[in-house]
Structures are given as structure tokens and as C-alpha cells.
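Here is the structure we will look at.
Every read-out reported here was derived from the displayed coordinates using simple, explicitly stated rules and does not represent laboratory data. Because the structure is a prediction, the values reported are computed rather than measured. Here Cβ is always computed from backbone atoms with ideal geometry, including for glycine, and neighbour counts include all displayed protein chains.
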Amino acid sequence: MSPALLLALATTVVTLGYMVACRIWPYAACVTCDGAGRHRSPSGKAWRTCRRCRGTGARLRVGRWLWDLARREFGRTRDPR
Ligand SMILES: [Zn+2]
């Protein structure tokens, strides 16, 4: 097996694995608040909701965002809602 074919095969396997992982676990921790959903004041007693994730602490993963986009764009004929 040639190195180029092996590289292409490895890339395909990694990409498919990532897509499956994004289907099963679509969310990751918010980058801004690190999944806490809130920002603490310097005193540590007061806090406010994280604006980026609106307090959920979750962020949609890039793979899942692309999956949803593809479903919206190409899935219209199969899903007549
Ligand atoms: Zn956040």
C-alpha cells in the first residue's frame, strides 16, 4: 500500500470518527466560561451569565454545526417539514 493511499485512508477514518462523535456528543464546554455558564466577580461572590453561551455552558461543536448545515441544505427533499 502506498503512503499516499495510507494517508488518505487514515484521514477518512479520522474524519468519519469525528463525525460520529459529533453526532453522539454534539456539545463541548463553552470557550469563554469553560462550561460554567457564568462569570464570577473578582470577589467570587457575585456572578453574571455568560453572554457567549447564554448561561448554558455549552457550545455546539464545529462538526455538529456542519452536520446541521448539511441537513438543512441537502435534506429538504427527504424531510418535508
Ligand atoms: Zn459560556
task = Output the residues belonging to the stretch 5-27 that are touching a residue at least 24 places away in the same chain (Cβ under 8 Å), in a helix (DSSP H, G or I) and not aliphatic (A, V, I, L, M).
result = Tyr18, Cys22, Arg23
request  = Just need a number here: residues in the stretch 28-78 that are out of contact with any helix residue (DSSP H, G or I) (no Cβ under 8 Å at 6 or more places or on another chain) and assigned to a loop (DSSP other than H, G, I, E, B).
outcome  = 26
key: Count - residues of the stretch 47-68 that are of a type in the set (D, E, K, R), within 11 Å of the ligand (Cβ to nearest atom) and either within 23 Å of Val20 (Cα to Cα) or under 9 Å from the mean Cα position of the chain (by Cα) (or both)   = 1
remark   = Over the stretch 25-46, the set of residues among the hydrophobic types (A, V, I, L, M, F, W, C), more than 7 Å from the ligand (Cβ to nearest atom) and within 15 Å of the chain's Cα centre (by Cα) is Trp25, Ala28, Ala29, Val31
